[in-house]
1. Quick check on the stretch 61-79. Is at least one of its residues within 16 Å of ligand 1 (Cβ to nearest atom) and at pLDDT below 95?
2. Exactly one of these conditions fails for Gln158: (1) more than 16 Å from ligand 2 (Cβ to nearest atom); (2) more than 25 Å from Ala3 (Cβ to Cβ); (3) in a loop (DSSP other than H, G, I, E, B); (4) not acidic (Asp, Glu). Give me its number.
3. Looking at this structure, is Glu32 outside any loop (DSSP other than H, G, I, E, B) and modelled with pLDDT of 95 or more?
4. Part of a helix (DSSP H, G or I), touching a strand residue (DSSP E or B) at 6+ places or on another chain (Cβ under 9 Å) and under 30 Å from Ala165 (Cβ atoms), is that true of Ile77?
5. If I filter the stretch 29-58 down to residues being of a type in the set (Ser, Thr, Tyr) and within 16 Å of ligand 2 (Cβ to nearest atom), which single residue comes out as nearest to Met170 (Cα to Cα)?
6. Look at Val39 and say whether it is within 15 Å of ligand 1 (Cβ to nearest atom), touching a residue at least 24 places away in the same chain (Cβ under 8 Å), under 18 Å from the mean Cα position of the chain (by Cα) and part of a helix (DSSP H, G or I).
7. So, of the residues in the stretch 118-153 that are farther than 25 Å from Ser196 by Cα and in a loop (DSSP other than H, G, I, E, B), which turns out to be nearest to ligand 2 (Cβ to nearest atom)?
8. When residues of the stretch 153-179 are filtered for being within 11 Å of ligand 1 (Cβ to nearest atom) and farther than 22 Å from Gln210 by Cα, how many remain?
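The values are calculated or read from the model by the stated rules, or taken from the named source; none is laboratory data. Please read all numbers here as calculations on a predicted model, not as lab measurements. Reconstructed Cβ throughout: ideal geometry from the backbone, glycine too, with neighbour counts over all protein chains shown.
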Amino acid sequence: MTAFDSNMLKVYLVGGTQDVGNDPERFLRDVEAALKAGVTAFQYREKDGSQLSKAATIDMAMRLRKLTHQYYVPYFIDDDEKLALKVGADGVHVGQKDQRIEEVIQRAAGKLLIGYSCNTAAEIAKANRLAAVDYVGTGPVFPTNSKGDADPAIGVVQLAQLNAASQHPMVAIGGISRDNLNAVLNTGVAGVAVISMILGSQDITSTVKQMQAAYSN
Ligand code: TZP
Ligand code: MG
């Protein structure tokens with residue numbers, strides 16, 4: 001497990017094979033292009049229409065561990081701290097609808113970095129009391145097509161308020177695109193997590209570089 005640094009949230013790629021037309025080889029190619037171009041963290045999130053078997057998901061998780069090591073990029077796994085420990089990932093991301101955060105902390109704290117989805121003031125207040133949480137993921141900021149059970153969009157005003165209330169670094173997620181990236185960064189969040197902005201891009205390298213450049217504006 002690498003040490004947590006909030007800079008790792010800046011350009012945070014999330015994705016699974018379902019985000020690239022259920023094509024595992026294309027997924028590996030696209031993730032590698034993004035790692036090479038400079039994403040600061042990667043989260044493997046195999047759900048919402050995935051067609052991979054359990055065995056194929058474990059195999060993919062291992063291949064992604066090798067790839068992320070090759071590019072020195074911190075590697076998180078969505079929802080499944082057992083899989084994260086098995087493949088030697090750096091961290092696990094836990095949603096509100098997933099396993100209870102207290103149980104994940106008990107099993108994984110000190111072994112895995114812990115990200116936690118928090119989309120309301122009450123959820124942020126709870127996360128503030130959990131010292132083992134490394135960062136919170138908050139959204140959807142805008143409507144998204146990448147998550148079947150996404151809550152209504154919160155918008156940048158609410159995002160800024162939640163970020164101000166959070167004692168953990170915050171990464172914003174949901175519907176983030178070239179058009180709204182600067183508005184999201186103006187809220188003061190530590191970073192942005194995206195699926196389609198990168199995995200749906202015609203030119204992954206230039207998209208990642210534009211995201212990096214947005215921090216120096
Ligand atoms: N959690 C909240 S919104 C979302 C997740 C996983 C999907 C983000 O995907 P996109 O394509 O960046 O809107
Ligand atoms: Mg989850």
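1. Scanning the stretch 61-79 turns up at least one residue that is within 16 Å of ligand 1 (Cβ to nearest atom) and at pLDDT below 95.
2. In the conditions (1) more than 16 Å from ligand 2 (Cβ to nearest atom); (2) more than 25 Å from Ala3 (Cβ to Cβ); (3) in a loop (DSSP other than H, G, I, E, B); (4) not acidic (Asp, Glu), Gln158 misses (3) alone.
3. The answer is yes for Glu32.
4. Working: part of a helix (DSSP H, G or I): no; touching a strand residue (DSSP E or B) at 6+ places or on another chain (Cβ under 9 Å): yes; under 30 Å from Ala165 (Cβ atoms): yes.
So Ile77 fails the test.
5. If we take residues in the stretch 29-58 being of a type in the set (Ser, Thr, Tyr) and within 16 Å of ligand 2 (Cβ to nearest atom), then Tyr44 is nearest to Met170 (Cα to Cα).
6. Working: within 15 Å of ligand 1 (Cβ to nearest atom): yes; touching a residue at least 24 places away in the same chain (Cβ under 8 Å): yes; under 18 Å from the mean Cα position of the chain (by Cα): yes; part of a helix (DSSP H, G or I): no.
No, not satisfied.
7. Here is the first cut: in the stretch 118-153, the residues farther than 25 Å from Ser196 by Cα are 121-133.
Next, from what is left, pick out any that are in a loop (DSSP other than H, G, I, E, B): 129-133.
Numbers: Arg129: 21, Leu130: 16, Ala131: 21, Ala132: 17, Val133: 14 Å.
Going through the qualifying residues, I end up with Val133.
8. Applying the first criterion (within 11 Å of ligand 1 (Cβ to nearest atom)) to the stretch 153-179 yields 153-154, 171-177.
Still in the running and farther than 22 Å from Gln210 by Cα: 153-154.
Result for the stretch 153-179: 2.
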